[in-house]
Amino acid sequence: MTSTVSQPPYYENHGFQPENVCSARQPVNANPDPKYFSTNAPSAPSCDPTVATHQSSGPVACSSGRTCAPNVKKTIVIILSILLVICCAITAYFIWYFVQNRCVTSSSLIECGSSGVCLPPSQWCDGVIHCPNGEDESRCVRLFGPNFILEVYSPVSKSWYPVCQDDWNDNYGKIACKDMGYSVDTYYYSRGVATEVSFKSFMKLNTSAGNIDLYKKLYSSNSCASGNVVSLRCIECGLSTKNVNIMNRIVGGSGAVLGQWPWQVSLHVQGTHVCGGSIITHQWIVTAAHCVEGQFSDPYSWRVYAGILNQHEMLLGNGHRVQQIISHPAYDTDSKDNDVALMKLETPLRFTDTVRPVCLPNPGMMFQPNQQCWISGWGAEYQGGKTSNNLNYAMVSLIERSRCNSIYIYNDMILPTMICAGYLRGGIDSCQGDSGGPLVTNKNSVWWLVGDTSWGTGCASPNRPGVYGNMTVFTDWIYKNMQVKYRLFLIILNVPNPET
Ligand code: 4AZ
């Protein structure tokens, strides 16, 4: 920065070579302007420059011929002192940071309040109180079943209770959504739905409890005056504006129309479609862990295209950049166990009729064997073919795990984190390039993400159905990673999510 103020009372130019004048000057740490500050620091002999030159190296000479080495030494001392101060400041910052975040810095643990007690994420909301003040079991909320019934965990009775609609409002709904990992911006609605006969106990709001934390206001009760429990939607998900035409390739499928599978995205590396994915929020995409392993683990190499059916058309746009990739920590390359990953976009998607999220399945949702599901993607249209230019889809049926594990199908290779879908007669299936993309079903007029395309032996061969990641098993992991607090911990440490 240049200065336009009048001549300073003292100026030392360390880049100069003083030629011939040695005069008294103040020491480095002396007050530069006695007019404003008083100092008792004595003057010290020094060399003043008479000619402004550029920097030079070599000894600093005075007119007498003796070198001005003390001046150079002083410069070095000043620089070293400055460096020392900077180092001390950085060290002090790190000490402060480590003390503040002792749980994070140890091994991605989460601290119980400010107690200093640290727990792994798996011990939060597991029904066992580990924190001294029970914080690990005190903000446990979930959405249960196809009607998104809000449930709160009671550490006292160690069970989940539906929340009674009495005195509930949207502000409470937003708090619960935030605690699950959703942004308040996506909040959709809270509404009362008639209680099921199976509900015997409820969580009720104590409205006279004053302005305290939502969870402190909740108490368990055997009655709910309105007879309604809270159905909570944290995001408007699972809507498709186009009906599925079942008659209408994938292998053996049909060409999709815009808006039919609005959660489907194409994931590109270097301008080429590599995998599919599913939109679950404005910023989060679910895909397969095997899509993002090894050389593909760098988020900056990916581009995400949403709301476009045609691959050529995608290349006309820029796509969305990826900020972060979180692969399931228990993903196993060989068995494809836990084949799921999350991509966080740098900029949020704008939802339209053709770009929308799919719903993550809630606990308590039953998908029946033989349930009709749909797969979509730009994968090969036949085994060994190249990826398709247009988005295709096909209907497939869920296949019971025990059946899929039979000796003549996949012989015990189907783990609980997997789900089989397709036809044992062959002919219709996902294929290379469909990986990471959605397996969805429609229930209660909502589209649910049942699985992510994972693997299979060949494509559409008899007794070799497609194998998909079992999303119901992964939703807890997905929600935890969407929670800002928990994710920040992992980003800071650059460690994988230990949650399994
Ligand atoms: C793949 O390599 C792939 N037939 C995807 C699905 C199936 C096989 C392979 C299932 O992307």
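The values are calculated or read from the model by the stated rules, or taken from the named source; none is laboratory data. The model shown is predicted, which means the values in this text are computed figures rather than measured ones. Ideal geometry is used to build each Cβ from the backbone, glycine not excepted, and the neighbour counts take in all protein chains shown. For accessibility, only protein heavy atoms count, side chains too; no ligands or nucleic acids. Shrake-Rupley method; radii C 1.70, N 1.55, O 1.52, S 1.80 Å.
Structure notes:
- Total formal charge among the other residues, if their Cβ is under 15 angstrom from that of R403, Lys/Arg +1 and Asp/Glu -1: +1
- Reachable lysines from K74, criterion Cα separation under 25 angstrom, eight or more residues apart if same chain: K35
- Database remark: amide H of N463 closer than 5 angstrom to the amide H of R425, G426 (H placed geometrically; neighbours at sequence offset of 5 or more, or on other chains; Pro and chain starts carry no H).
- When the surface is traced with a 1.4 Å probe over the full set of protein chains, C459 keeps roughly 10 Å² accessible.
- Convex hull volume per residue in cubic angstrom - Cα atoms of the range 122-233: 110 Å³
- Taking label points 7 Å from Cα along the Cα-to-Cβ direction, L83 and S159 give a separation of 6.8 nm.
- Cα-based shape type of the range 254-475, given that a ≥ b ≥ c are square roots of the gyration tensor eigenvalues and the cut on a/c is 1.5: rounded
- Carbon plus sulfur fraction of accessible area for the range 122-233, probe 1.4 Å, in percent: 48 percent
- Rolling a 1.4 Å probe across all protein chains gives H312 an accessible area of roughly 130 Å².
- Applying a threshold of 30 Å to the alpha-carbon distances of K216/K443; K242/K336; K242/K344; K158/K336; K217/K344; K174/K344 flags K216/K443; K242/K336; K158/K336; K217/K344 as lying beyond it.
- Of all aspartates and glutamates in the structure, the ones whose alpha carbon falls short of 12 Å from that of K386, not counting any fewer than 8 places away in one chain, are D434.
- Lysines whose Cα lies under 23 Å from that of K73, excluding same-chain neighbours fewer than 8 positions away: none
- These residues, D412, D185, go from largest to smallest accessible area, 1.4 Å probe, as D185, D412.
- The mean sequence distance of close C-alpha pairs (under 8 Å, at least 6 residues apart), as a share of the length of the range 328-407, puts its relative contact order at 21 percent.
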